[in-house]
Structures are given as C-alpha cells and as structure tokens.
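Report on the following structure.
The values are calculated or read from the model by the stated rules, or taken from the named source; none is laboratory data. Owing to the predicted nature of the structure, the values given are computational and were not obtained by experimental measurement. Note that we place each Cβ from the backbone using ideal geometry, even for glycine, and neighbour counts take in every protein chain shown.
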Amino acid sequence: MDYPSIRLFIDGKWIEQAGDPVVDPATEEVIGEVPRATLPQLDEAVAAAERGFRIWRTMSPAKRGDIIRNAANLLRQRAREIAQVITLEQGKPLADAENEVLRGSELIAWDAEEGRRTFGRVIPSEPAFHQMVVREPIGPVAAFTPWSAPTSSAGRKLGGALAAGCSVVLKASEETPAGACALVKCFEDAGLPAGVVNLVFGNPDEISRHLIAAPAIRLLTFTGSVPVGIHLAKLAAAVMKPTVMELGGHSPAIVCKDADPKAAAKLSASAKFRNAGQVCISPTRFLVHDSLFDDFADEFVARTSAIKVGNGFDPATQMGPLANGRRLAAMEEFVGDAVRNGGKVRVGGERIGNRGYFFQPTVLTDVPKHCSVMNVEPFGPLALLMRFHDLPEAVEEANRLSYGLAAYALTNDSSAAAQLSSQIGVGHFAVNHFGGGIPESPFGGVKQSGLGREGGSEGLEGYQTVKYISQHIARP
C-alpha cells in the first residue's frame, strides 16, 4: 500500500514540509518523510491552542461530548484503513493494529460521556454563606506519545484532555506519524474547532523544552520510558507545571502452586509476545512456584518456539518485527549480558535474517539478578523464567525494582490472590488474565512507573484544577 503524506496540523491547517525519513521496520526501507516543526511553528501551535482553549472551555460539556463521540465513531469506521498504515510504519500484525485502533475508539467514546459528569460539590455552611467546589479545565496541554501504540496512546490523551475542556498540542512519535495523523483527522472531520488540537513532529528534545517552557502550556502528559519521563518531569518542575506520566514497567507474573502449569504457560506466552513485547504492561518476569517450574517452562518454551514471526501483513504472522534498530540492538545486548553471566537461553536469543528488525521470541532462565535485563525494562520479546518457594519470596522479588506499573497472578486460591494484590506495589493488578483494563478503569503506575492516571473517571482529574468558591451573602 502507499504510505500517506505526513503533515503538521496547526490552527486547523495541514502543513507539508521537509523533514526526516520514516522507515518500514519489516524491510528497513524508507517509506515516507515526517516534517520537522520549526520553533516559530511551535509558537504558532501554542498560540493556536491558547485561542482554541478559550473557545473550547466555554462550550457546554454536552456539545464537546458530541464532537468527541463523533471522532470516536469516525476512528472506528476507519479502523481497517488506519491499521494498514500502523502495520506499515510500526510492524505489528494487521489484526493487532486494527484492535489498537478500535481500543482507541472505545477510550475516546468513554471520555466523551465522562466529560458530562465532572461534578463539583456544595459544602454545607452557615446561613450567610454559599460555599462550593468546582472543577475547571487546567488549560492548554502538551501531550507526548510513543511509537508502540501510535493511535490508542494519543487517543487516550486527546480524549481525556478534550473531555475535561482543555486544548492540546500533540507531539506524536516521528517513527510512527501516520497513525497520529489519522487520529487527528478524525477529530477535524468531527467538527473540532480550529486550534483545539494541534499536531507537531520534529526534534523531540527541542520540542519538549520549548513546549514545556511556553507560558500558555499548563500541563505536560507523557507516555514513554522512565529516563525520559524523569527528564521531562525536571523540565516541568522548573516552571511549576503539573504532569501526568505513564512510564515503563517490568511486570512480574506469579504462577502459584495451585495453577495448571500448562494452561498458565499457554496464557503467559500469548501475552508476553503481543506487539513483540513492546507493551508497557507486558509481563516480563515469570515467577513460577518451584513445584510447577519444569512443566511450566517446557510448555512455555514449546509455545514460544511455535510463534510465527514475519511481516505484519502476512495473515499467518503472530509477531512482527521490532519497531526500530535500537530495540534490536537492546535485545542482543540483554541476551549477551545474561549469557555471559551464566543465564541460559531456552529458545531464541538471536536476530532473524539481516533485513528488517526481526528478533526471535526468547526465553531465558537462571539469569542472575544483577544482569541488566533483570533490572531494566526489556520492552521486547524477552521472557525471564524464575523459581520461587513461597509467596513472601515472590512478593519480595515482585517489589524489588523501582517499577510499579502492572503485575499478574495465576491462581484460583482466593487467599493467595488477596495477599498478592495487597502486597505488590503496582497501579494495575490482574488475576488469571493479562488484560490491560477497560475504558472505565484508571490506568497508571506507582514509584518510577508514573504519576497520575489515564482512563476512567480518574482520567479527567489530571486535566482539571479544583477551585473553592466562598460567598458571604450580605444581610439587607
């Protein structure tokens, strides 16, 4: 298929100009060009967002909701078309790309409705006073989104910010720009006023520094790695701006002694290699009770070996390429370090071919805890299998790292499930499944995995301020 023309979107106008190459990760061929915004263009985007905010915030929540819902409907109708460009630029299998677009539509549709329920409250007081608490949109938002989920991640941020009454300057990934362009086009076609959403690409560090420092920008929202999140948080703190951050994870999956080892391994392997492991809540450390370990490991390895790796447009493909050469190099470095320190490769561990960023689904065992892959988010198709003897040991390992995004447990023992869910420090805990939540549920992490929440009724709170109003009623 032909790759679409990538453009900036500023103040309701699409702008085409020179920039940097976009590469197909399955072939390493250049398929397009993403424009590089200039500093004056960033200033135009901020000014447009400031004007758009004045219009958008005064529109009724019902009217805003109608426009946002229309955008969600358009996104759903165009899901198959948008999925094709996502597969072309990001590599994930076509069915997975379409599911991503549909999920983005569901998230936006939820926000469209929830924006009508951002209630305040009245505080009982003395007869001569009226006291109330109201929620107001915080202002224009700078939103930075990743290449791993180019449509659903941007959709989550746009849906929440717009439903709360804010305008947005969206800086989407330069490696997967077409998915973001298609999303913004849905909002434009849904009738969003000019300036309410603006889309820019370019030098990430230059854009982040410029937008965060802009006085009109009142909040930063970011999804990405922990190191970049910390860097951006420092920039925001220097100008006293709040942040909503969904950062990385290193999710433990605890297979308890009552689980069926083969069924658990089948479910676990399927979850691990979704989007080639390039998912923030992807399970990475599989903590398996000692009595089940050998059976679990054998089945997990067998399931992993059977995964069909290939171009995302091939209907038989179950796992596509990694999204870029950096991830390929990281996988090779993780595996090499583990093996040099005594870890065992049960399956995989190598690049596939020499064209495209394909890497074998990989299972490692006996990896020492000081190895890099045991401490740094792998964000790729690497599974670490570990033994544990009792639940306290599993909890200790699950909480060992500074990450706290997601954790999983496979058990039918309600006591074990309760103990693990209460003692493991994460923002998302799932029992007997690896789902990422629903539009109605909040999503985010603790510790270094993030600040604030996206999704659910809590998702709009980060884009709002709370104002207390107290009025003394003068006596006649």
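When we screen Glu98, Glu113, Glu29 for residues that are surrounded by fewer than 21 Cβ atoms within 10 Å (Cβ to Cβ), assigned by TED's automatic domain parsing to the domain that holds Asp189, at pLDDT 95 or above and closer than 12 Å to Thr151 by Cβ, the only hit is Glu98.
Just one of the numbered conditions (1) buried (at least 19 other Cβ atoms within 10 Å of the Cβ); (2) within 21 Å of Glu458 (Cβ to Cβ) is not true of Lys171: (2). Of all residues in segment 427-476, those that are of a type outside the set (Gly, Ala, Ser), touching a His at 6+ places or on another chain (Cβ under 7 Å) and closer than 24 Å to Ala269 by Cα total 1. Among residues of segment 55-78 that are free of Cβ contacts under 8 Å to residues at least 12 places away in the same chain, none has a Cβ under 7 angstrom from a residue that is outside any helix (DSSP H, G or I) and among the β-branched types (Val, Ile, Thr) at a sequence gap of 6+ or on a separate chain. For Val301, the criteria (1) of a type in the set (A, V, I, L, M, F, W, C); (2) assigned by TED's automatic domain parsing to the domain that holds Thr145; (3) not in a loop (DSSP other than H, G, I, E, B) hold in every case but one, which is (2). Could you give every pair whose Cβ atoms fall below 8 Å, whose first residue belongs to segment 306-318 and is in contact (Cβ under 8 Å) with a residue 12 or more places away in the chain, and whose second residue is crowded, with 18+ Cβ neighbours inside 10 Å and charged (D, E, K, R), counting only separations of at least 6 or pairs across chains? That search, which allows pairs on different chains as well, returns Gly312/Lys92; Gly312/Asp96. Would you call Gly229 in a loop (DSSP other than H, G, I, E, B), crowded, with 17+ Cβ neighbours inside 10 Å and not acidic (Asp, Glu)? It is false that Gly229 is in a loop (DSSP other than H, G, I, E, B), crowded, with 17+ Cβ neighbours inside 10 Å and not acidic (Asp, Glu).
Just one of the numbered conditions (1) under 30 Å from Pro124 (Cα atoms); (2) not assigned by TED's automatic domain parsing to the domain that holds Trp110 is not true of Gly456: (2).
Against the numbered list (1) closer than 22 Å to Leu192 by Cβ; (2) modelled with pLDDT of 95 or more, Thr118 comes up short only at (2). Residues that are of a type in the set (Val, Ile, Thr) and free of Cβ contacts under 8 Å to residues at least 60 places away in the same chain were ranked within segment 346-403; the one that is farthest from Leu322 (Cα to Cα) is Val395. The strands (runs of 3 or more DSSP E) found wholly in segment 384-476 and carrying at least 2 residues that are buried (at least 23 other Cβ atoms within 10 Å of the Cβ) and among the hydrophobic types (A, V, I, L, M, F, W, C) occupy 406-410. Against the numbered list (1) in contact with a strand residue (DSSP E or B) (Cβ under 6 Å, 6 or more places away or on another chain); (2) part of a loop (DSSP other than H, G, I, E, B), Asp20 comes up short only at (2).
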